[in-house]
Amino acid sequence: MNIEEHRWHSPNLGQDMALKVYGHWGQPLLVFPCSRGRYFDYEGMGMIAALAPRIDGGAVKLFCVDSVDAQSWYNYGVCPAERNARHEAYDRYIVEEVVPFVRSHQRSDEVRILTNGCSMGAYHAVNFFFRHPDVFAGAIALSGLYRLDRPEFGMGAGDIPAVYFNSPLHYLEGLDDPAILGDCRKGDIVVCVGQGAWEEEAAEDTRSLQALLARKSIPAWVDFWGHDVNHDWPWWFRQMNHFLEHLVG
């Protein structure tokens with residue numbers, strides 16, 4: 001398997017950032033790590049091995065990025081507006097630095113990039129797609145939370161105005177721009193969650209997202225797996241292979 005590690009100093013974030021590339025060709029997936037995770041976690045937790053036949057076969061090519069969650073949504077020592085500002089810098093890093101890198105690596109300015117992630121990575125996958133449906137081609141999101149007024153983030157309903165445009169279940173409700181909705185409706189959107197251990201809040205947010213997308217006439221494959229399906233890597237391995245079989249073969 002072709003594996004590359006790249007790093008550069010991000011002018012948007014003011015710090016060095018790294019990413020890893022897995023594969024030589026195929027549908028590019030921009031992969032976000034779990035909570036406060038790192039760019040090498042898909043490899044370390046076994047997802048790269050689980051997807052190896054598709055990676056080696058040229059069906060998919062993974063670009064696994066680092067996160068700044070500890071500086072943004074999990075930085076409980078600063079106010080929500082500061083956390084939001086740090087995430088906005090990360091947003092610019094992804095769109096202005098990583099996306100051009102992926103396109104250059106794929107030798108195509110027109111390449112369609114799918115976002116992907118599990119748990120917190122699923123939040124990022126959904127948020128980046130719906131924030132930039134003109135840039136990304138869709139999302140594969142597994143076991144995510146999609147609103148920032150969850151206790152996990154140390155924020156409540158009163159904090160939402162400061163983080164509104166990064167809380168998908170809030171800003172999508174108010175989205176009515178025909179052009180943006182049109183781009184959203186063109187995307188390949190997969191949102192999946194189990195109903196077993198540690199999946200209760202993710203399942204609740206997934207149901208809310210399913211209903212909201214239906215109201216906005218945005219097509220999506222929203223899939224609820226069984227009550228034996230836990231918030232854990234072995235299930236995410238199976239889910240990723242299941243959805244990729246349908247999306248890329």
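Considering only the chain, what is the antiparallel percent among its DSSP beta bridges, to the nearest 5?
Percentage antiparallel, nearest 5: 35.
Please work out whether the chain counts as rounded, prolate or oblate from its C-alpha gyration tensor, where a ≥ b ≥ c are the square roots of the eigenvalues and a/c under 1.5 means rounded, while otherwise a/b larger than b/c means prolate and anything else oblate?
Rounded shape, in that the Cα axes give a/c under 1.5.
Starting from the Kirkwood Rh over alpha-carbon pairs, what translational D in µm² s⁻¹ does segment 18-165 have by Stokes-Einstein at 20 °C and 1.002 mPa s?
137
Calculate for the chain the 222 nm mean residue ellipticity that helices alone would give, adding -39,500 (n - 2.57) per DSSP H run of length 4 or more and normalising by residue count, nearest 500 deg cm²/dmol.
-10500 deg cm²/dmol
Could you state the number of Å between the C-alpha centres of segment 173-249 and segment 38-103?
About 19 Å separates the Cα centre of segment 38-103 from the one of segment 173-249.
Label GLU88 and ASP228 with points 7 Å out from Cα along Cα→Cβ: what is the distance between them in nm?
If labels sit at GLU88 and ASP228, their model points lie 4.8 nm apart.
Scan segment 173-249 for GluC sites (Glu not before Pro) in coil per DSSP, keeping those whose Cβ has at most 14 other Cβ atoms within 10 Å, and list them by number.
Those that pass, being in a loop and sparsely packed, are GLU173.
Compute a Gaussian network model of the chain, connecting alpha carbons closer than 10 Å, and tell me which residue from PHE40, PHE32, PHE129 fluctuates the most.
Result for the chain, Cα springs under 10 Å: PHE40 fluctuates most.
Run the quick spin-label model on GLN195 and GLU173: label points 7 Å from Cα toward the beta carbon, then report their separation in nm to one decimal.
About 2.5 nm separates the two model spin labels.
With a 10 Å Cβ neighbour count serving as the proxy for reagent exposure, in which order, fewest first, do CYS192, CYS118 appear?
CYS192, CYS118
Pop the C-beta distance of ARG103 and ASP56 into the FRET formula with R0 = 22 Å and round what comes out to the nearest 0.05.
With a Förster radius of 22 Å, E is 0.45.
So which trypsin sites (Lys or Arg not before Pro) in segment 35-114 pass both tests, a DSSP loop state and at most 12 other Cβ atoms within 10 Å of the Cβ?
Those satisfying the criteria are ARG107.
Using only alpha carbon pairs under 8 Å that are at least six residues apart, calculate the relative contact order of segment 3-247 and give it in whole percent.
16 percent.
Taking 0.36 nm per residue of separation and subtracting the Cα-Cα distance, what length does fully extending CYS79 through VAL135 add?
That works out to 17.2 nm of additional length.
Read the figures in this text as sums done on the coordinates, not as results from a lab. In this text, all values refer to a predicted model and were calculated from it rather than measured experimentally. Cβ atoms come from the backbone with ideal geometry, glycine included; neighbour counts cover every protein chain shown.
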